[in-house]
Structure formats: structure tokens, C-alpha cells
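Heads up, the thing below is written out as C-alpha cells.
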Amino acid sequence: MTKTILIAGATGKTGQILTRDLQNQGHNVVALVREESDTSVLPAQTALRTGDLTNLAADACDGADVVIFAAGSGGSTGPEMTDKVDRDGAMRLVDLAKRAGTKRFVMLSSIGADQEDPSGDLAHYLKAKHEADEHLKASGMPYAILRPVALTDGACSDQVILGDQVDASAEARRADVAAVLAEAAITGRLDGQATNMQSA
């Protein structure tokens with residue numbers, strides 16, 4: 001059954017692969033993009049919906065069977081933008097998806113986001129991701145949360161490890177992450193789970 005899938009972060013490295021994967025499977029992808037986004041990186045048939053995660057309109061998720069949050073503020077932004085995009089933007093998108101009657105929400109999170117009070121260089125980012133993840137869990141919508149280890153480029157390996165066996169110091173290919181996100185969105189196999197992930 002063909003689904004309409006809204007992706008926040010479709011123009012990012014992982015989002016581009018995810019968009020192609022879902023379209024190749026016959027689904028309708030709607031990319032939620034800022035006005036200044038470079039949409040030339042997306043397939044020509046991708047539907048575009050203008051929206052900024054720091055100021056989302058109430059109808060941002062209307063018509064979407066599934067919403068995927070694969071966005072991020074980026075490594076060069078400060079704590080304020082991390083909060084606005086990775087925490088507040090994600091939480092607002094969850095709320096709007098629920099209001100729109102979305103059937104499933106898939107969150108791209110990060111290894112370590114299970115901690116309520118993380119430490120280290122990424123502590124602020126991980127806390128923001130943790131709060132967004134917890135908000136999704138409490139939403140009442142069917143959800144899947146994927147927490148990959150450090151992201152790398154490279155072709156899809158089709159070999160991934162999920163769950164407690166994941167090595168936090170390992171790597172996850174973006175193509176593998178996109179494949180798991182697509183499967184979670186379409187099949188619901190990971191519904192109700194927040195799971196770590198690495199490429200095997």
C-alpha cells in the first residue's frame with residue numbers, strides 16, 4: 001500500500017538517501033524544507049512543503065500517513081539552535097503529526113540519547129534528543145526511535161546490528177540508517193521501540 005511520508009531533514013545526507021529509498025519503493029515523499037534549502041539534491045518527483053522547524057505552521061503534517069524526523073541543527077551551531085531544532089522543533093512536529101492523524105512517527109535520534117543527564121562534549125545535544133524522544137514516547141502515537149552510532153558514508157551494507165549488542169564506538173553507514181528508517185516507517189517492525197544501531 002502506497003504511503004505518503006513527510007520527511008523533516010530530507011535534504012540532509014541521510015535524508016537524501018531515505019527519500020530515494022522510499023520513492024524507489026513506490027511511496028509518495030513530501031520533503032519539509034526551508035525556503036533557502038537546496039532542493040536540487042532531491043529527486044525531481046519529490047513533493048516540497050515549505051516549513052522551518054523553528055517555526056512550524058499548524059498544517060505542517062497534514063495528509064501524511066507517516067512522519068520521519070531526520071533533521072538536525074548541525075555540528076557548527078550552538079546550544080540555542082540545538083534546542084530550537086533538535087528538541088523544540090522535533091517536539092512540535094510530533095504534536096502536529098498527532099493532530100493531523102498521522103499513523104506513525106519515526107525519529108532519527110542518537111546513541112546516548114537514552115540518558116536523562118548525559119555528560120561529555122555532546123551532553124547538550126544528547127539531552128535535547130532525549131527530551132524529544134521522551135516527548136514522542138508520551139504522545140500516544142505509534143512510534144519508532146532509531147539511535148545510530150557515529151555516521152559515515154558508503155554504500156548500503158544491508159547488515160546492521162540493532163539493540164543491546166551495539167558497540168557505542170562502532171560506526172553506522174548513512175545508507176544503512178536510511179534503510180532501517182524506511183523499514184520502520186513502512187512495516188512498523190520497530191513500533192514502540194527505541195533501539196541503538198550500527199552497521200555490521
The one condition Leu151 fails out of (1) modelled with pLDDT of 95 or more; (2) part of a helix (DSSP H, G or I) is (2)
With respect to Ala31, determine if the residue is buried (at least 22 other Cβ atoms within 10 Å of the Cβ), in a loop (DSSP other than H, G, I, E, B) and not β-branched (Val, Ile, Thr). no
Please specify each residue of the range 71-105 satisfying the condition of being modelled with pLDDT under 95 and in a loop (DSSP other than H, G, I, E, B). Gly72, Ser73, Gly74, Gly75, Ser76, Thr77, Gly78
Name the residue, out of Asp133, Asp158, Asp153, that is of a type in the set (D, E, K, R) and farther than 17 Å from Gly72 by Cβ. Asp158
The listed residue being at positive phi and either within 15 Å of the chain's Cα centre (by Cα) or aliphatic (A, V, I, L, M) (or both), out of Gly74, Gly26: Gly74
Out of the range 34-55, which residues are in contact with a Gly (Cβ under 7 Å, 6 or more places away or on another chain) and of a type outside the set (S, T, N, Q)? Leu53
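Inspect all residues belonging to the range 159-168 and state whether any of them is touching a residue at least 40 places away in the same chain (Cβ under 8 Å) and either part of a strand (DSSP E or B) or among the polar types (S, T, N, Q) (or both).
Among the residues of the range 159-168, at least one is touching a residue at least 40 places away in the same chain (Cβ under 8 Å) and either part of a strand (DSSP E or B) or among the polar types (S, T, N, Q) (or both), which makes the answer yes.
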Looking across the range 173-200 at residues that are out of contact with any helix residue (DSSP H, G or I) (no Cβ under 9 Å at 6 or more places or on another chain) and of a type in the set (A, V, I, L, M), the single one that is surrounded by the most Cβ atoms within 10 Å (Cβ to Cβ) is Ala184
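Restricting to the range 55-70, what's the tally of residues that are surrounded by 15 or more Cβ atoms within 10 Å (Cβ to Cβ), in a loop (DSSP other than H, G, I, E, B) and not aliphatic (A, V, I, L, M)?
Step one: filter the range 55-70 for residues surrounded by 15 or more Cβ atoms within 10 Å (Cβ to Cβ), giving 56, 60-62, 64-70.
If we keep only those that are in a loop (DSSP other than H, G, I, E, B) as well, we get 56, 60-62, 64-65, 70.
Now narrow it down to the ones that are not aliphatic (A, V, I, L, M): 61-62, 65.
Of the residues in that region, 3 qualify.
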Picking from Pro118, Pro79, which residue would you name as being exposed (fewer than 15 other Cβ atoms within 10 Å of the Cβ) and more than 20 Å from Ile7 (Cβ to Cβ)? Pro79
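The values are calculated or read from the model by the stated rules, or taken from the named source; none is laboratory data. No experiment lies behind these values; they were computed from the predicted model shown. Ideal geometry is used to build each Cβ from the backbone, glycine not excepted, and the neighbour counts take in all protein chains shown.
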